[in-house]
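I have placed the structure first, in the form of structure tokens, so that the comments after it can refer back to it.
The values are calculated or read from the model by the stated rules, or taken from the named source; none is laboratory data. These figures come from a predicted structure and were not determined experimentally. Reconstructed Cβ throughout: ideal geometry from the backbone, glycine too, with neighbour counts over all protein chains shown. For the accessible areas, the whole protein counts, side chains as well, though only heavy atoms, and no ligand, DNA or RNA atoms are used. Shrake-Rupley method; radii C 1.70, N 1.55, O 1.52, S 1.80 Å.
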Amino acid sequence: MVRHPLAPEQIEAGRRLGAALRSARAGRSLVDVALAAEISPETLRKIETGRLPTPAFGTVVRLSEVLGVPLSELAFVWRTDPALSAAS
């Protein structure tokens, strides 16, 4: 299977998703949230810093549940391009 490079828009969407998850985590420990979501702390760190811009769907679902953030809200964050919103 050949994996094509991510488009700049996908990378930016991953950064937005990571920032939203980091914000939702607020005062909770990264390790506690990662373990509750059944992922490694390093995976969560990569997602939050944008180094893993396209996490697996199941990972996003588990983080959504653990953090109490509706999946639809995370999808909106990932889809919304701030440059397009500013132009409106």
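The listed residues are Arg45, Arg62, Arg22, and the only one of them that is under 9 Å from the mean Cα position of the chain (by Cα), open to solvent by 60 Å² or more (accessible area, probe 1.4 Å) and at pLDDT 95 or above turns out to be Arg22. Filtered by the rule that a residue be in a loop (DSSP other than H, G, I, E, B), under 20 Å from Glu73 (Cβ atoms) and open to solvent by 40 Å² or more (accessible area, probe 1.4 Å), region 28-42 gives a lone residue, Arg28. For region 65-88, the tally of residues that are outside any helix (DSSP H, G or I), at negative phi and either modelled with pLDDT of 95 or more or crowded, with 18+ Cβ neighbours inside 10 Å (or both) stands at 2.
Pairs linking a residue in region 4-27 that is within 19 Å of Leu63 (Cα to Cα) and assigned to a helix (DSSP H, G or I) to a residue that is among the basic types (Lys, Arg) and open to solvent by 70 Å² or more (accessible area, probe 1.4 Å), with Cβ atoms under 8 Å and 6 or more positions apart or on different chains, are Ala13/Arg79.
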